[in-house]
Amino acid sequence: MKGKICLLAVIALCCALLCGCRQEPRAEEPALVMGFSQLGSESSFRIGNTRDIEAQAQAYGVSLMMDDAKQKQENQIDAIRRFIAYRVDVIAFSPIVEEGWDNVLLEAKQAGIPVILVDRTIQTEISDLYVSQIGADFYQEGVLAAQYLLRKADALGKDRLRIVEITGTESSTPMRQRHEGFWDTLAGDPRMELLESVNGDFLRSRGAECMRYLLERYGDQIDVVFSHNDEMTMGALPEIEQAGYRPGQDMILISIDGGQEAIDILKAGRINCIVECTPMLGGLLMETALDIKAGKPVEGIIHPVERVFCDEDDLSALPPRGY
Ligand code: GZL
């Protein structure tokens, strides 16, 4: 009898222990771990791009390590080295300039960590330093800006248009390719004349400085302002008005990005044309990273679909821009 009581006691104890140490449900394992080096927060485009990447990482179950380089290449290189040490599954980054990435990307390659370029690209002689580049066709953005200007010149019957250009960050992909696309498209048209091209670094404050300089130097001669992004355009606008000109009327203003603030100014008639450069690249990035991790083939270059908004359009039904 005693034996039976002992056996029952042992069985009861085991059941209690088993119930007591019930496995806690495992926290969801992330689909993958991604290190992302963002170049900074210089524009509504950039802030929208960061937010979209963070939101899409959550939506795709990706564990994201986001680093803000505060406009410094050396900070991006340091962040990539930290991601390598942490042994993330994928490294992604938006290179602030095109040169100077070979060494750190060779370290990532030697560590067997795939790299995805987002928004901008790099110049390198070494093949396969990155698996895919996801971002706008900046050359085409320049072409679209110039094609609008050609239509505008025809519509206004202009036989001469003197142009000032406010460019983005020196040696960055969007700066180089927007400039090339714009002037390649205007090449050979005798109506189009470049007065001067100055560097505004994609910053609103620098856009204002550039416009002040250009107005002091060229004043009434300026017929067109081609600005590489909305931030610099919005910095230039008050300078134009303080100098006594009506932007969008006395001067044709062409910009790039298409954030809400600039679109509202376009609707008010103070900007004539905005070529869209969408920051919403997060979904493409997460899908590409997950395909890479799953061993699936991915496209080498992925361009999002982009639009042109201008004073020829009815924009009343345009949904909120989200950045
Ligand atoms: C373009 C992006 C540019 C934006 C600017 O994709 O790299 O950088 O046009 C931003 O607003 O600063």
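In whole Hz, what ³J(HN,Hα) sequence does region 238-248 give by Karplus (6.51, -1.76, 1.60; θ = phi - 60°), x for Gly and Pro?
x, 5, 5, 5, 5, 7, x, 10, 9, x, x
Amide H neighbours of MET192 under 5 Å, at least 5 residues apart or on other chains, H built in the peptide plane: list them.
LEU161
Considering the chain as a Gaussian network with a 10 Å cut-off on Cα pairs, which listed residue, GLY181, GLY157, GLY200, attains the greatest mean-square fluctuation?
Fluctuation is largest for GLY157.
Identify all aspartates and glutamates with a Cα-Cα distance to LYS296 below 19 Å; exclude those on the same chain that are fewer than 8 residues away in sequence.
ASP89, ASP128, GLU287
Answer rounded, prolate or oblate for the chain, using the Cα gyration tensor with square roots of eigenvalues a ≥ b ≥ c: rounded when a/c is under 1.5, else prolate when a/b is larger than b/c, else oblate. Walk me through the intermediate numbers first.
Values: a/c = 3.18, a/b = 2.44, b/c = 1.30.
Prolate, since a/c reaches 1.5 and a/b exceeds b/c.
Determine, for GLU180, GLU170, the number of other Cβ atoms within 10 Å of each Cβ, and report the residues in order from fewest to most. List each step's numbers first, then the result.
On the way: GLU180 14, GLU170 10.
Fewest-to-most Cβ neighbours within 10 Å comes out as GLU170, GLU180.
Got a sec? How would GLU141, GLU98 order by Cβ neighbour count within 10 Å, fewest to most? Show your work: numbers first, answer last.
Values: GLU141 23, GLU98 16.
Arranged by neighbour count, lowest to highest, GLU141, GLU98 become GLU98, GLU141.
Rounded, prolate or oblate: which fits region 138-277, taking a ≥ b ≥ c as square roots of the Cα gyration tensor eigenvalues, rounded meaning a/c under 1.5, else prolate when a/b beats b/c?
rounded
What ranking of THR288, THR124 emerges when the number of other C-beta atoms within 10 Å of each C-beta is taken as an exposure proxy, fewest first?
Ordered from fewest to most neighbouring Cβ atoms within 10 Å, THR288, THR124 come out as THR124, THR288.
Can you give me the long-range amide H partners of VAL62? Hydrogens built in the peptide plane at 1.01 Å from N, cutoff under 5 Å, separation of 5 or more residues or another chain.
Answer set, sorted by chain and number: ALA31.
What are the residues whose amide H is under 5 Å from the amide H of ALA92, where those residues sit 5 or more places off or on another chain and H is modelled from the backbone?
GLY35, PHE36, SER37, ILE116
Where a number appears in this text, it was derived from the coordinates with a stated rule and is not lab data. Worth saying up front: this structure is predicted, and the values here are computed from it rather than measured. Every residue, glycine among them, receives a Cβ derived from its backbone with ideal geometry; neighbour counts consider all protein chains shown.
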